[in-house]
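Note sheet for the following structure.
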Amino acid sequence: MKLWGTGEGIPLFQEVLQVVNGRVPLIVELKAGSHNQELCQKGWAILKDYAGPYCIESFDPQIGRWFKKNAPGVLRGQLTNPPKPLWQRPTWQEITRGNLLTNPYNRPQFVAYGPDPKPWTTRWVGAMGAIRGWGKKRGGT
């Protein structure tokens, strides 16, 4: 597969890490799918020897949970958006993830929340300790 409008191919993740070579922090988003376990194992196999700074983030709390259990030193983030209003019939995943109700399970160290205002449930879950460092000054843990 070629990159749009060029003769260049899409680089492998290992090639990207070689080019970056620790010069800038990386945000590695792992996409959820039917092979999450394998994705996490292979991603960690590639990243564990990388010397530069990086974090892992995903919309799927199971990915964060995998890294919590198997690579606890890796900075983990939860990506989410507010759930749809009830009248639009949100899925149970949208409700639990959008309100951060999975965070006691996967314990992310940060949350990257969509551009919309956080619902009161999200603020409440954060205040109850479901997010490490919630409400602390920048740089706190």
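So PHE67 fits all but one of (1) buried (at least 17 other Cβ atoms within 10 Å of the Cβ); (2) closer than 17 Å to TRP124 by Cβ; what number is the exception?
That leaves (2) as the condition not met.
Are there any pairs, at least 6 apart or on different chains, whose C-beta atoms fall under 6 Å, with the first in region 101-113 and touching a residue at least 40 places away in the same chain (Cβ under 8 Å) and within 14 Å of MET128 (Cα to Cα) and the second part of a loop (DSSP other than H, G, I, E, B) and of a type in the set (Gly, Ala, Ser), and if so, which?
none
Scan PRO82, PRO25 and give me the residue that is in contact with a Pro (Cβ under 6 Å, 6 or more places away or on another chain) and surrounded by fewer than 13 Cβ atoms within 10 Å (Cβ to Cβ).
Matching residue, one of PRO82, PRO25: PRO25.
Starting from residues that are open to solvent by less than 80 Å² (accessible area, probe 1.4 Å), at pLDDT below 85 and in a loop (DSSP other than H, G, I, E, B), keep the ones in region 85-121 and report whichever is farthest from ILE63 (Cα to Cα).
The selected residue is PRO85.
Report, by residue number, each residue of region 68-112 that is touching a Ser or Thr at 6+ places or on another chain (Cβ under 6 Å), of a type in the set (Ser, Thr, Tyr) and under 30 Å from ILE46 (Cα atoms).
If the condition is that a residue be touching a Ser or Thr at 6+ places or on another chain (Cβ under 6 Å), of a type in the set (Ser, Thr, Tyr) and under 30 Å from ILE46 (Cα atoms), then THR102 is the only one that fits.
Those residues that are open to solvent by less than 80 Å² (accessible area, probe 1.4 Å), touching a residue at least 12 places away in the same chain (Cβ under 8 Å) and not aromatic (Phe, Trp, Tyr), I need them from region 1-22; list them, please.
Answer for region 1-22, where residues must be open to solvent by less than 80 Å² (accessible area, probe 1.4 Å), touching a residue at least 12 places away in the same chain (Cβ under 8 Å) and not aromatic (Phe, Trp, Tyr): LEU17, VAL20, GLY22.
Would you say TYR50 is open to solvent by less than 70 Å² (accessible area, probe 1.4 Å) and in contact with a Leu (Cβ under 6 Å, 6 or more places away or on another chain)?
Yes, satisfied.
Would you mention how many residues in region 128-139 are more than 17 Å from the chain's Cα centre (by Cα) and either open to solvent by less than 40 Å² (accessible area, probe 1.4 Å) or at pLDDT 75 or above (or both)? First the steps, then the outcome.
Step one: filter region 128-139 for residues more than 17 Å from the chain's Cα centre (by Cα), giving 128-129, 135-139.
Next, only the ones that are either open to solvent by less than 40 Å² (accessible area, probe 1.4 Å) or at pLDDT 75 or above (or both) stay: 129.
The total comes to 1.
Of all the residues that make up region 28-70, how many are aromatic (Phe, Trp, Tyr) and closer than 22 Å to TRP92 by Cβ?
From region 28-70, those aromatic (Phe, Trp, Tyr) are 44, 50, 54, 59, 66-67; that's our starting set.
Pick out the ones that are also closer than 22 Å to TRP92 by Cβ and you get 59, 66.
Selection size over region 28-70: 2.
Looking only at residues in region 24-67 that are of a type in the set (S, T, N, Q) and outside any helix (DSSP H, G or I), which one is farthest from PHE110 (Cα to Cα)?
SER34
Go through (1) closer than 20 Å to ARG123 by Cα; (2) within 15 Å of the chain's Cα centre (by Cα); (3) part of a loop (DSSP other than H, G, I, E, B) one by one and return the number of the condition GLY73 breaks.
Failing condition for GLY73: (1).
The values are calculated or read from the model by the stated rules, or taken from the named source; none is laboratory data. Quantities reported herein were computed from a predicted structural model and do not represent experimental measurements. With ideal geometry, Cβ positions are generated from the backbone for all residues, glycine too; neighbour counts draw on all protein chains shown. Surface accessibility is based on the protein's heavy atoms, side chains included, excluding ligands, DNA and RNA. Shrake-Rupley method; radii C 1.70, N 1.55, O 1.52, S 1.80 Å.
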